[in-house]
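The values are calculated or read from the model by the stated rules, or taken from the named source; none is laboratory data. This is a predicted model, so every value here is computed, not measured. Reconstructed Cβ throughout: ideal geometry from the backbone, glycine too, with neighbour counts over all protein chains shown.
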Amino acid sequence: MQVSWARLGDAHERLLPLLDPVERGRYDATGRPADQARFLVGCALSRLLLGELLDLPPADVPLRRVCPRCGGPHGKVRLDLPPGAPVPYDFSVTHSGGVIGVAVCRGGQVGLDVEEAGSVVGVALDNAARAALSDRELAALHALPVAERPSAFLRVWTRKEAVLKALGVGLGVSPRGLEVTAPDLPPAVLSWPEPSTARPPGLAMADLVVDGVHPAAVAVTGAEAVRVEWSDGSGLLAGYGR
């Protein structure tokens, strides 16, 4: 599996032709420049990585977003292939603050999540923990020293988000029902939401750290272990269009 990381400042105008008409409309309709940059970097980096693997010009890589609940043009982004065609690669896009990442996997469904260090503290941490953690996970979090709770929560949260992204359900499934191991233990799923029709026959996870501080996690279905190859997304983006 390849995981590539980029930064908010990697966005530049030469990447705009990599957006398809729907994406360009979404980009133009986005009000905040930082949100525009995150969206542009995620789309461009996805097409650059997949273009290399598929031997296609990046602008020709067909992508689609279809919400499994409402059918709208949002949700997990996938390769847009004819019905019944084999899917050579799955990929997942994530961003938090100034960090944007893309994971590309062959032979399984992948989910990637990153959370900016220090992004939840105080009351925000308490509210997020009550919404995302099971009763047992919440009790374990509260048993930790106060200073350790933000990083512990983000480690657990990135694992959950990676799994839900890999399954393609996102937050359509309550994260409270998906229980994972404690932050100081190897990542694994302990219990699934019920009823869980999306439970895969196999799933592997890996914890990641970006820039030495930002917790991240990746999950892959149909796998017993995860081997991650890191690549320089910032360099790939900087070189495009020169």
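Annotations
- Test: A59 is over 25 Å from S119 (Cβ atoms) and in contact (Cβ under 8 Å) with a residue 24 or more places away in the chain: yes
- Test: residue in region 71-87 that is at pLDDT 90 or above, surrounded by 18 or more Cβ atoms within 10 Å (Cβ to Cβ), in contact with a Leu (Cβ under 7 Å, 6 or more places away or on another chain) and not hydroxyl-bearing (S, T, Y): no
- Matching residues in region 166-193 - criterion: being outside any helix (DSSP H, G or I), within 18 Å of the chain's Cα centre (by Cα) and within 16 Å of V114 (Cα to Cα): P187
- Scanning region 3-13 for any residue that is surrounded by fewer than 15 Cβ atoms within 10 Å (Cβ to Cβ) and more than 23 Å from L112 (Cα to Cα) turns up at least one such residue.
- Residue identified as in a strand (DSSP E or B) and surrounded by 16 or more Cβ atoms within 10 Å (Cβ to Cβ) among V226, V218, V209: V218
- Candidate set from region 142-170 (those that are touching a helix residue (DSSP H, G or I) at 6+ places or on another chain (Cβ under 7 Å) and among the aliphatic types (A, V, I, L, M)); member that is surrounded by the most Cβ atoms within 10 Å (Cβ to Cβ): V156
- Residue in region 141-158 that is touching a Ser or Thr at 6+ places or on another chain (Cβ under 9 Å), modelled with pLDDT under 95, within 16 Å of T94 (Cα to Cα) and of a type in the set (A, V, I, L, M) present: no
- Filtering region 81-99 to residues that are more than 18 Å from G118 (Cβ to Cβ) and touching a helix residue (DSSP H, G or I) at 6+ places or on another chain (Cβ under 9 Å) leaves P88, Y89, D90, F91, S92, V93.
- Of all residue pairs spaced 6 or more apart or on separate chains, those with beta-carbon atoms under 6 Å, a first member in region 219-242 that is touching a residue at least 60 places away in the same chain (Cβ under 8 Å) and a second member that is assigned to a strand (DSSP E or B) and hydroxyl-bearing (S, T, Y) are S231/S4; G233/S4.
- V114 being at pLDDT 95 or above, surrounded by 22 or more Cβ atoms within 10 Å (Cβ to Cβ), out of contact with any Gly (no Cβ under 7 Å at 6 or more places or on another chain) and farther than 22 Å from V146 by Cβ: no
- Close pairs from region 177-191: first buried (at least 16 other Cβ atoms within 10 Å of the Cβ), partner part of a strand (DSSP E or B) and among the charged types (D, E, K, R), Cβ under 7 Å, at least 6 apart: P187/D207
- Inside region 118-151, residues that are assigned to a helix (DSSP H, G or I), more than 26 Å from P200 (Cα to Cα) and touching a residue at least 24 places away in the same chain (Cβ under 8 Å) make up a count of 6.
- Filtered residues of region 35-53 (kept if surrounded by fewer than 16 Cβ atoms within 10 Å (Cβ to Cβ) and either more than 18 Å from the chain's Cα centre (by Cα) or touching a residue at least 40 places away in the same chain (Cβ under 8 Å) (or both)): E52, L53
- Single unsatisfied condition, V163 versus (1) part of a loop (DSSP other than H, G, I, E, B); (2) under 23 Å from P201 (Cβ atoms); (3) without any contact (Cβ under 8 Å) to a residue 60 or more places away in the chain: (1)
- Residue in region 194-201 that is part of a strand (DSSP E or B), of a type in the set (S, T, Y) and loosely packed, with under 13 Cβ neighbours inside 10 Å present: no
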